Amino acid sequence: MARVAQAASEGPGEADAQSEEQKAAQARQQRNVTYAGYAGLVIVVAIAAAMSWHGLVGFAERQLHMAAPWSYGVPVSLDVAAMLCGFLALRSVISHDSAAGPRFLTFLLVASSAAANYYQAEHMPGTEDHTAAALYFGGMSVLSWFLWDVVLRQIRRSMLKTIGAVERPLPKFRLVRWLRYPRETFAAWSVSVRYGLTRPDEALERVWETYEAQEAEEEIRELEELERLPNGITKKSAVEMAFKALGKTDVPAAIEWCADRGVSVDRSYGYEVARTFTPEPKLLELKAAGAR
């Protein structure tokens, strides 16, 4: 009881303040996770790039017979150039230009770096098999570029989000719903794709409204095609069916509709039913749309 009284005594301002604090704490937690992920990714990229750099320097010294500092030009002309092409591709995407050229150059440079690393490891001094080393050093060139590309893609997506050039994520539906109501869930997912919805409940509401409209339209069609009312039907039910078929509480028209189908209703009784009748909005919308 004390907690209930304390909660009741809190004003809306305090509740808003608590909500803002929770949002700020969540934002700080997300930033910390992002910073930690980027730091780990940078470390891995640096190590992979260092392995590729070491292999390319060995390629320059043993195969090209280049001494330092000239041997450092090989990794610069391959790995560093590939990273710069990645930057150019990022700039092209952000500027809404084609990034095909920079991406193609990046592919050529990375392939050349991997081939050079593979070749120098395969032909290292010694009589033992160097296939594993060749695959490792060749893979380091590809891995360093791949991780660098991941970083650039994250930066690109973040920038595109700020200018509203990225679609919002689609809603996620539980596996149980997919198994129990596959047709309804697929319809909600299709509506989300078409209208850019992100909330599952909003997509499901759209689908349910469509189903309700179809059911109401089918009910109106059945009433319009009805030639005679069933035996034993009460006058109240007959008048209400007339209102639904007409899409409005027009008493004279409802009396005429009932008379055409074998039920006579007094005008005063028709107005009495009209005062207590609650029309269905969906039926009225459909009838109005049909009249237009």
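The values are calculated or read from the model by the stated rules, or taken from the named source; none is laboratory data. Bear in mind the structure is a predicted one, so any value in this text is a computation, not a measurement. Virtual Cβ from ideal backbone geometry, glycine too; neighbours counted across all protein chains shown. All accessible areas refer to the heavy atoms of the entire protein, side chains included, with ligands and DNA or RNA removed. Shrake-Rupley method; radii C 1.70, N 1.55, O 1.52, S 1.80 Å.
List of remarks:
- Between the range 61-138 and the range 190-212, the alpha-carbon center distance in angstrom: 49
- Kirkwood-based shape ratio for the range 238-282, expressed as Rg/Rh from alpha carbons: 0.93
- The range 123-269, accessible area per residue, ligands and nucleic acids excluded (1.4 Å, Å²): 67
- Stretched out straight at 0.36 nm per residue, the stretch from His123 to Phe277 would grow longer than its current Cα-Cα span by 46.2 nm.
- Projected label distance in nm at Leu175 and Lys235, using a 7 Å step from Cα toward the beta-carbon: 6.2
- Computed E for Leu160/Ala39 - FRET, C-beta separation, R0 25 angstrom, nearest 0.05: 0.60
- Peptide packing: for 180-188, 109-117, the average count of neighbouring Cβ atoms within 10 Å per residue gives the ranking 109-117, 180-188, highest mean first.
- Calculated on alpha-carbon atoms, Rg and Dmax of the range 103-195 in Å: 23.0, 67
- The share of Cα pairs per 10 Å bin across the range 31-104, counted from zero up to the longest distance, runs 18, 30, 33, 16, 3 percent.
- Gyration tensor verdict on the range 21-177 (Cα atoms; rounded if a/c is under 1.5, prolate if a/b is larger than b/c, oblate otherwise): prolate
- Relative to the Cα centre, the charge distribution of the range 105-256, modelled as +1 at Lys and Arg Cβ and -1 at Asp and Glu Cβ, gives a dipole magnitude of about 580 debye.
- Applying 1/(1 + (r/R0)^6) with R0 = 41 Å to the Cβ-Cβ distance of Ser19 and Ala100 gives a FRET efficiency near 0.30.
- Estimated at 0.36 nm per residue, the fully extended path between Leu88 and Gln63 surpasses their Cα-Cα distance by 5.9 nm.
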